[in-house]
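Colleague: Take this structure first; my questions come after.
The values are calculated or read from the model by the stated rules, or taken from the named source; none is laboratory data. Keep in mind it's a predicted model, so treat the numbers as computed, not measured. We place every Cβ from the backbone using ideal geometry, glycine too, and count neighbours over all the protein chains shown.
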Amino acid sequence: MAEYKLVRGHHTNDYLVHTADGWLMVDNDWPGRFIQTAGALKRAGVRMADVKYLFNTHYHVDHAGLSQELKKQGATLIILDTQLPHIKVDETYSRDPGMAAFQPITMENVVVISAADSRSYLNKIGLRGEILSTPGHSPDSAALIVDGLGAFVGDMPPFEYLPMFRNAELDSSWRNVLAHDPPMIFPAHPEPFVPDLTLMPQPGYLD
C-alpha cells in the first residue's frame, strides 16, 4: 500500500503520496504561504526537493495557489485534460491586493493527461492508481484514486449529503469514485474517513 502524509494547509488538507522517486502533493495552499508550506513539509519529514509531482483536485485558489512556486522548485504539475481550460481562472486573484502573491500557472513542468491514460502515467512514476474527472463541486474537479489506499476527492461534499445538493453531476461523480472501492476517503476539509456505503443515497432520489 502506498505511503501518505497529511500536511495541514491554511484551511485545507494537503496530502503527500509516495512515488518511486519522491512525493506527489495533492493540492497546495493559498498564495503567499510558500514559507509556511515549506515549514509544514519539514515537520512532516519531507524536503521541498523531494516533492516531485503536484496534482490539484481543482483550481480554486485555496487548492492551487502555490502551484507555480512549487513548479519552480522542480515539481511537475499533473493536469487532467478536463482541467486545462480552468487553470487560469484564479489569475483573477492577482488583481486582488490581498492575493498579490499569486503567480499565474505557466505550462512549463506540466504534464497533461486524460483519465483514460492516467493509470499508465501514474504507473510510470511508481504509483498504482488513476485520476477521475469528478465534476459537481466545480467543472474541473478531479479525484486521485490510489489502489489499496483510497480516494483524494478535494471539495466533493460527503456523499450522505447528496440529497441536499440534488446535483446529478455530483451524484454521478461520487458513484464513479465509490465504484473503485476506495478503503479511505481523503477530503480537503473534513478528516479522512472510511466510507460507509449504507449512507449513499439510493438511486431515484433525484427523480
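Colleague: Is it the case that Gln83 is part of a loop (DSSP other than H, G, I, E, B) and either crowded, with 16+ Cβ neighbours inside 10 Å or at positive phi (or both)?
Modeller: So Gln83 does not fit the description; no.
Colleague: Continuing with this model, one more query. Taking only the range 1-27 into account, find how many residues are touching an Asp or Glu at 6+ places or on another chain (Cβ under 6 Å) and closer than 27 Å to Lys124 by Cα.
Modeller: Looking only at that region, the number is 6.
Colleague: Which condition from (1) within 18 Å of Ile79 (Cα to Cα); (2) surrounded by 19 or more Cβ atoms within 10 Å (Cβ to Cβ); (3) without any contact (Cβ under 8 Å) to a residue 60 or more places away in the chain is the one that Pro195 breaks?
Modeller: Every condition holds for Pro195 apart from (1).
Colleague: While we're looking at this one, here's another question. Return a yes/no flag: does the range 103-116 have any residue that is within 15 Å of the chain's Cα centre (by Cα), under 20 Å from Asn28 (Cβ atoms) and acidic (Asp, Glu).
Modeller: No, the conditions are met nowhere in the range 103-116.
Colleague: Now for a separate question. Can you name every residue in the range 103-135 that is of a type outside the set (A, V, I, L, M), assigned to a loop (DSSP other than H, G, I, E, B) and within 22 Å of Pro183 (Cα to Cα)?
Modeller: Gly126, Arg128, Thr134, Pro135
Colleague: Is there a residue being in contact (Cβ under 8 Å) with a residue 24 or more places away in the chain and among the β-branched types (Val, Ile, Thr) anywhere in the range 91-105?
Modeller: Yes.
Colleague: In the list Glu169, Glu160, which residue meets the criterion of being without any contact (Cβ under 8 Å) to a residue 60 or more places away in the chain, surrounded by fewer than 16 Cβ atoms within 10 Å (Cβ to Cβ), touching a helix residue (DSSP H, G or I) at 6+ places or on another chain (Cβ under 6 Å) and not hydrophobic (A, V, I, L, M, F, W, C)?
Modeller: None of the others qualify; the one that does is Glu160.
Colleague: Taking the range 66-77, which residues are surrounded by fewer than 23 Cβ atoms within 10 Å (Cβ to Cβ) and either of a type in the set (A, V, I, L, M, F, W, C) or part of a strand (DSSP E or B) (or both)?
Modeller: Within the range 66-77, Thr76 is the sole residue that qualifies.
Colleague: Could I ask something else about it? Given the conditions (1) of a type in the set (A, V, I, L, M); (2) at pLDDT 95 or above; (3) over 14 Å from the mean Cα position of the chain (by Cα), which single one is not true for Leu77?
Modeller: Tallying (1) of a type in the set (A, V, I, L, M); (2) at pLDDT 95 or above; (3) over 14 Å from the mean Cα position of the chain (by Cα), Leu77 fails exactly one: (3).
Colleague: Could I ask something else about it? Of the residues Leu162, Leu144, only one is of a type in the set (A, V, I, L, M) and more than 23 Å from Val112 (Cα to Cα); which?
Modeller: Residue meeting the stated conditions: Leu162.
Colleague: Within the group Ala116, Ala40, Ala64, which residue is touching a His at 6+ places or on another chain (Cβ under 8 Å) and either of a type outside the set (D, E, K, R) or over 26 Å from Pro135 (Cα atoms) (or both)?
Modeller: Going through Ala116, Ala40, Ala64 in turn, just one is touching a His at 6+ places or on another chain (Cβ under 8 Å) and either of a type outside the set (D, E, K, R) or over 26 Å from Pro135 (Cα atoms) (or both): Ala64.
Colleague: Looking at Tyr121, Tyr161, which is the one that is under 27 Å from Lys88 (Cβ atoms) and of a type in the set (Phe, Trp, Tyr)?
Modeller: Just a single option satisfies the conditions, and that option is Tyr121.
Colleague: So, in the range 123-149, exactly how many residues are in contact with a Gly (Cβ under 9 Å, 6 or more places away or on another chain) and without any contact (Cβ under 8 Å) to a residue 12 or more places away in the chain?
Modeller: 1
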